[in-house]
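See structure below.
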Amino acid sequence: MTHSPTPIEPQTSTFNADVPAAGGVPNSSMVARGAANCVTNLLAKLQIASEAVSESPAERPEKDAENRLAVVRLGIATSLFYALRTKHPATAAHGLRVALFCSSWAEQMGLDHDVRDRIEVGALLHDVGKIGIPDRILRKPGKLTVDEQLVMDTCPDLGCDILQGCTTDPDLLDIVRYCNLWYDSRRDGETPQGEALPLGARMLAIADAFDAMTTEHVYRPAMSRDRAIAELVRGSGTQFDPDLVLDFSRLLESRPEILQGSMVHRWLQQLRPEDSQAFWTGTANPAVGKSHRTKEVVRRETLFNQRLLSTLKDGVAFTDGEGNVSQWNVAMERLTDLPAEAIIGKQWSAAALRMRDTDRDRDDETICPLQECFRTGESVRRAMIIEAVGTDPVSVHVEVAPVHGERPGSHGTVIVVHDLSDREHLERRLDTLHQQTRLDGLTRVANRAHFDTTLEELVAATAAGGPTFALVICDLDHFKRINDTFGHPAGDEALKVFANVLRSQSREGDLVARYGGEEFLLLANACDNATGAKRAEVLRQTLESTPIEALGGECITASFGVTEYQSGDSAETVLARADRALLKAKDNGRNRVVQLGLGKMSEVAEPAHRVGWFEWLIGSDDAVATKVDILTPVPADLVIEKLRGFIADHHAEIVNVAENQLSLKVVSGSSPGGRRRIDHKISFHAVLTLSEAQKDELLTENATPGCSTKVHLELKPIRNRDRRRRELNDAVQQLIASFRCYLMGEIINRGE
């Protein structure tokens, strides 16, 4: 496994210039409780920059952690961060997220202040060397060539060269220099390896890779949290420190709120609030020579334009004079199957976007319409085909027109993509929501009955090979307090506002439903776990900044649980896992987003063992048992945590617990065939035996035996009549696939 290129930060249109004063603590509704201190400390370290330059180190006590950072002249380092953000905003945002991970992690580990300070600053500036990387490589939308990757590999050394201009702290420089070095580096003794690597470099490598894997890219979607953890564990002992990988995994298992995107957004605002304002208005600092009325007009016009772009049915994108994408609307996301955060800041490329001319074969070279527009200076119109991943090709009409601004350097292009296909997706049937029998009477969104039907249809379609989907379940925080304080009519108004926020932020094909009371659901088709979590975070931020007149202008908050369909799921398990994520969000402080689940995995190719008619006749217990060995890349304590999730989501009954063995009664659904719903269910006795994986059972040569666990699974139907049912094999396959996903494992052996 290798490090992925720097991820692309999502659009920052949710930035708000109204932030706490310098040095203040962010509002608890804006920042996750578990990491609030981390954010505040890091902000304080950046805010003392100007004082650090003017004061003499001898005048400050050495025991003060903030003064230690002042000694290494963090003020200049802050300027370097601004320079990096100007060069490539996505890289700077990536550094902020990694710094937050490392900050929370170092706090939980109880590291000394000076060690933690260096790790935080090293994480924040570990990619500062990209200031010296050519734009053609940084903004390339696709994968890098070997030569381009070699250029990117020089970033740590370039970063150290730059940082040496503002600090001589060898420990800080070593963190930046060795953060990309593998744990078992084989560079002939030139560099340290294993425990000789600085602790901060080993932590930074893990947090850096995790953020890269859970961020959208043009060439691959973001991974779910569990899948990224599994990849980290697979690389432990080779690329990463195995002990730190397990420690980081346990941190994410217990404190998933450190992934909350609002922390990064708040931090960016705190660093320089006016930057967000200027970025979205497209003007210089509006505080100089402009009236408040002028700023309000610009802001309203900008918001109007953004809303207009988001509601257009045609895909619209803007690029600058060099072809770098600056805006990417929702319709463009739908047509290309690429989210805005994966493409903004990258160069438009027809090949990378999988676009080809209608009259050309797949292997023929396509002349990019954008480059043709730059060459001729005139509008270009062309019929093309988009070959999005996992869907049928889409016929589109593409028009690229030059845009000439009044200011120097403000030239660019606008790209409009019109969908010419007549494709019909499952979600388009949601247009029948106007029927009163499918609507909630108060909020006018879908009711529970319609949601249940749609969820079952989506599960069946996805299990048959269709696109995956995400489920977001959300619940208003302290709703009883709202009713008790403002009255039930005001509570009803709050529910309507909540429903309107969900509806306004939903996409074509999404289903918004009220499940009951103050609980709502968003069913997002063709959406994975990571994307669903990002969309839930946008909803969370929108709701907490929306004043409600019936509540005296106060805002409300909500907690969100997110999951994605995964192999072996039924409608009940998908809903139960999302609900478990919601409960975890509430238990961890409310007003936050928690995602659970691995996502859809490749199906098990080998069929389950079928038993002949004579074995059925004699009724041998061994004849009706299906035995499978699943190798999971995590130690036994994490396996137990994953099994707890399986038990909760499947409503399994614990029969017996031994030293290394667990017996369950679990029900699996099969394809419809009986007259009653119970006819579709088969009850199984599942016995799971945990043992440490042996060296010859490991999936990779360099895997650490102590970090992997083998789970021997034995399944037997409980009722005799179920042993003769033709749906038995499907039910067994469904349970095996579900166990495999929850355990994040691979099947290494099937017993006969």
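The values are calculated or read from the model by the stated rules, or taken from the named source; none is laboratory data. The model shown is predicted, which means the values in this text are computed figures rather than measured ones. So basically every Cβ, Gly included, is an ideal-geometry build from the backbone, and we count neighbours across all protein chains shown. These accessible areas exclude ligands, DNA and RNA; they are computed on the full protein's heavy atoms, side chains included. Shrake-Rupley method; radii C 1.70, N 1.55, O 1.52, S 1.80 Å.
Residues in region 210-245 that are in contact with a helix residue (DSSP H, G or I) (Cβ under 7 Å, 6 or more places away or on another chain) and in a helix (DSSP H, G or I): Phe210, Asp211, Met213, Arg225, Ala228, Ile229, Glu231, Leu232, Val233, Pro242, Leu244, Val245. Among the residues of region 313-335, those that are open to solvent by 50 Å² or more (accessible area, probe 1.4 Å) and hydrophobic (A, V, I, L, M, F, W, C) comprise Phe318, Val330. Please enumerate the residues belonging to region 524-583 that are assigned to a strand (DSSP E or B), open to solvent by less than 10 Å² (accessible area, probe 1.4 Å) and among the polar types (S, T, N, Q). Correct list: Ser559, Thr563. Does Arg407 qualify as being exposed (fewer than 13 other Cβ atoms within 10 Å of the Cβ), more than 27 Å from Asp569 (Cβ to Cβ) and modelled with pLDDT of 60 or more? When the stated conditions are applied, Arg407 passes them. Taking region 496-523, which residues are closer than 20 Å to Glu457 by Cβ and either hydroxyl-bearing (Ser, Thr, Tyr) or outside any loop (DSSP other than H, G, I, E, B) (or both)? Answer for region 496-523, where residues must be closer than 20 Å to Glu457 by Cβ and either hydroxyl-bearing (Ser, Thr, Tyr) or outside any loop (DSSP other than H, G, I, E, B) (or both): Ser506, Leu511, Val512, Ala513, Arg514, Tyr515, Phe520, Leu521, Leu522, Leu523. Summed over region 184-209, residues that are touching a helix residue (DSSP H, G or I) at 6+ places or on another chain (Cβ under 9 Å) and either open to solvent by 40 Å² or more (accessible area, probe 1.4 Å) or of a type in the set (Asp, Glu) (or both) total 4. Can you find a residue in region 464-480 that is of a type in the set (A, V, I, L, M), under 18 Å from Ala524 (Cβ atoms) and surrounded by fewer than 21 Cβ atoms within 10 Å (Cβ to Cβ)? There is no residue in region 464-480 that is of a type in the set (A, V, I, L, M), under 18 Å from Ala524 (Cβ atoms) and surrounded by fewer than 21 Cβ atoms within 10 Å (Cβ to Cβ). Applying the criterion of at least 1 residues that are among the β-branched types (Val, Ile, Thr) and open to solvent by 10 Å² or more (accessible area, probe 1.4 Å) to the helices (runs of 4 or more DSSP H) found wholly in region 85-151 leaves 113-124.
Within region 496-506, the set of residues being surrounded by fewer than 18 Cβ atoms within 10 Å (Cβ to Cβ) and either within 15 Å of Phe479 (Cα to Cα) or touching an Asp or Glu at 6+ places or on another chain (Cβ under 8 Å) (or both) comprises Lys496 only.
Is there a residue being modelled with pLDDT under 85, among the β-branched types (Val, Ile, Thr) and either surrounded by fewer than 19 Cβ atoms within 10 Å (Cβ to Cβ) or not in a helix (DSSP H, G or I) (or both) anywhere in region 155-168? Yes: region 155-168 contains one or more residues that are modelled with pLDDT under 85, among the β-branched types (Val, Ile, Thr) and either surrounded by fewer than 19 Cβ atoms within 10 Å (Cβ to Cβ) or not in a helix (DSSP H, G or I) (or both). The one condition from (1) surrounded by 20 or more Cβ atoms within 10 Å (Cβ to Cβ); (2) at pLDDT 85 or above; (3) under 24 Å from Arg225 (Cβ atoms) that Glu746 does not meet is (1).
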